[in-house]
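Here the structure is laid out as structure tokens; the discussion comes afterwards.
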Amino acid sequence: MSEDSSVAGLASDLRGRVGALRPGDRLPSSRELMRRHRVSPVTVSRALGLLAAEGLIVTRPGAGTYVADPPRGVAGAADLSWQTVALGERTIQADGVLRLLALPAPGVIPLAGGYLHQDLQPSRALGTAMARASRRPDAWERVPVAGLPELRSWFARAVGGAATVDDVLIAGGGQAALSVAFRALAPPGAPVLVESPTYPGAMEIARAAGLRPVPVPMDDDGVLPELLAEAFAATGARVFHCQPLHANPTGAVLAPDRHEQVLAVARAAGAFVVEDDYARYLSIEAPPPPLARYDAHGTVVHLASLTKATAPSMRIAALVARGPVAERLRTAHAVDTFFVPRPLQEAALELVSAPAWTRHLKSVAAHLRSRRNLLAAEVTARLPGARLRPPAGGLHLWVRLPGWADDAALADEALRAGVVVTPGRLFYAAEPPGAYVRLAYGAAAETDLAEGVRRLATVWPTPTT
């Protein structure tokens with residue numbers, strides 16, 4: 001069971017206990033809670049912190065933890081109905097992202113999610129990096145809006161080609177970086193081309209910025225250049241978002257012979273290519289260079305991220321761009337957040353500069369290979385009619401359901417069976433060409449993968465002839 005699930009389970013148990021006690025009654029000691037529930041001191045501390053934040057308990061140093069007095073309520077029930085009129089139509093949709101970010105209930109196996117399981121995260125290296133960063137005399141001082149020069153230089157070297165430190169902007173994670181890019185590159189109401197299928201968060205960011213996501217079909221070798229050209233011509237779009245490496249959710253890698261074709265199509269349209277390189281450090285096999293390395297004309301706005309290969313809260317990403325667009329990106333970022341907190345940037349720099357970083361990436365690749373192979377074998381053996389193509393990296397399998405099964409209904413039934421999967425329709429800007437589910441092999445404990453598929457098999461649709 002994950003640490004988050006253990007915390008949620010203990011907090012739920014303690015809420016029930018608090019409900020049966022009176023204000024001022026004492027709760028068992030932390031040592032006793034550890035013994036009864038067989039959990040760590042960190043789990044106990046986090047669970048008690050949750051209840052304290054909810055106002056259910058108070059901790060008195062040296063005396064223990066007690067049931068809090070009930071809050072003083074306001075006389076009469078509050079009438080909040082006026083807010084419906086004041087808010088008007090909802091303009092920001094985040095159903096897909098919120099579904100992907102939802103934490104599973106205790107005992108539920110997450111074959112969904114986009115982050116590494118705790119066993120795969122470089123927890124010790126992250127702790128060391130944060131400790132070293134926090135000891136710097138200037139740890140809490142301001143940084144340049146574009147970010148620490150040393151960290152920007154590291155990202156520039158990682159991208160390669162003509163990229164320099166002056167081309168790099170540090171952002172607070174890939175989601176924030178993508179939001180900056182979309183708002184900087186296109187005005188509200190404009191179309192933005194996206195791969196089909198693609199990451200739901202990209203489409204929801206675009207819509208939140210007032211943009212219209214327009215799907216462009218892809219195959220096993222990435223986006224189809226001829227259809228990309230047609231989409232540019234039909235829409236007049238000036239932005240194309242793509243994931244050439246281990247596209248989410250399909251895992252597709254853009255074929256080498258399409259690299260120059262995609263860049264040529266974008267140049268002919270006078271458009272930018274937002275290269276979302278989120279999975280660069282999740283490759284099981286040696287990855288091809290990024291599109292940005294071949295870009296001589298400032299067509300590519302490259303997005304790199306450390307989050308996926310480290311931990312959800314290491315929210316460090318970079319936007320790499322050349323020409324006037326770089327200043328446009330910096331301006332949009334400054335208006336939003338000023339700059340990314342210095343301690344996080346310093347910790348990221350410590351992490352990627354240490355010998356442990358290379359060892360971690362090798363370890364992640366080996367474990368992801370093992371997990372991918374295990375999950376693919378279980379799906380093939382237990383789910384009749386399922387079709388998949390094991391990816392060369394990333395965190396997911398993209399599984400075609402038999403016939404025209406209902407992927408949303410399957411996801412709901414799977415949850416009731418104790419396993420979380422992601423319905424394929426979330427990844428399409430238009431009507432999906434078939435029924436799919438995305439299964440994550442990086443989010444659950446490796447020992448839970450087979451059991452997760454076994455639970456999914458109990459609700460799997462029967463193939464029809």
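Overview of results
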item: In order through segment 423-435: 3J(HN,Hα) via Karplus (6.51 cos²θ - 1.76 cosθ + 1.60), integer Hz, x for Gly, Pro; result: x, x, 4, 5, 9, 10, 7, 10, 5, x, x, x, 9
item: Cα gyration tensor, segment 1-156 - rounded (a/c under 1.5), prolate or oblate; result: oblate
item: Cβ-defined net charge surrounding Ala405, 14 Å radius [Lys, Arg +1; Asp, Glu -1]; result: -1
item: Gyration tensor (alpha-carbon) shape descriptor, segment 18-89, a/c threshold 1.5; result: prolate
item: Cleavage-rule hits, trypsin sites (Lys or Arg not before Pro), segment 152-215, DSSP coil, Cβ neighbours within 10 Å at most 13; result: none
item: Under 13 Å, Cβ to Cβ, from Pro23 - net charge with Lys/Arg +1 and Asp/Glu -1; result: +1
item: Positive minus negative residues near His396 (Lys, Arg vs Asp, Glu; Cβ under 10 Å); result: +2
item: Cβ charges +1 (Lys, Arg) and -1 (Asp, Glu), total dipole of the chain, debye; result: 1380 debye
item: Electrostatic dipole magnitude of segment 123-354 [Cβ: Lys, Arg +1; Asp, Glu -1; Cα centre; debye, to 20]; result: 860 debye
item: Anisotropy class of segment 332-432 from Cα gyration tensor, a/c 1.5 cut; result: oblate
item: ³J(HN,Hα), Karplus 6.51/-1.76/1.60, whole Hz, each residue of segment 42-47, x for Gly, Pro; result: 5, 4, 4, 4, 5, 5
item: Point-to-point label distance, Arg31-Asp79, nm (Cα→Cβ direction, 7 Å offset); result: 5.6 nm
item: Which of Glu204, Glu32, Glu431 has the fewest Cβ neighbours within 10 Å, and the rest in rising order; result: Glu431, Glu32, Glu204
item: Distance between modelled label sites at Val58 and Val42, nm, 7 Å Cα→Cβ extension; result: 3.1 nm
item: Loop-located chymotrypsin sites (Phe, Trp or Tyr not before Pro) in segment 58-150, at most 13 other Cβ atoms within 10 Å (DSSP); result: Trp140
item: MRE, 222 nm, helices only [DSSP H, n ≥ 4, -39500 (n - 2.57), over the chain, to nearest 500]; result: -13000 deg cm²/dmol
item: Percent antiparallel among DSSP beta bridges (both partners in segment 268-359, rounded to 5); result: 45 percent
item: Contour excess over end-to-end distance, with Cα ends at Ala408 and Arg72 and 0.36 nm allotted per residue; result: 116.7 nm
item: Per residue, the convex hull volume that the Cα atoms of the chain enclose (Å³); result: 188 Å³
item: Radius, Kirkwood style, for segment 123-354 when every pair of distinct Cα atoms is counted (Å); result: 17.8 Å
item: Whole-Hz couplings from phi, Karplus 6.51/-1.76/1.60, listed for segment 223-239; x for Gly and Pro; result: 4, 8, x, 5, 6, 4, 4, 5, 5, 4, 5, 6, 9, x, 4, 10, 9
item: Ranked list, fewest to most other Cβ atoms within 10 Å of each Cβ, for Val325, Val420; result: Val325, Val420
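Readers should treat all values here as calculations from the given coordinates under stated rules, not as data from a laboratory. This one's a predicted model, so the numbers in the text were calculated from it and none came from an experiment. A quick note on method: Cβ atoms are made from the backbone with ideal geometry, for glycine too, and the neighbour counts reach across all protein chains shown.
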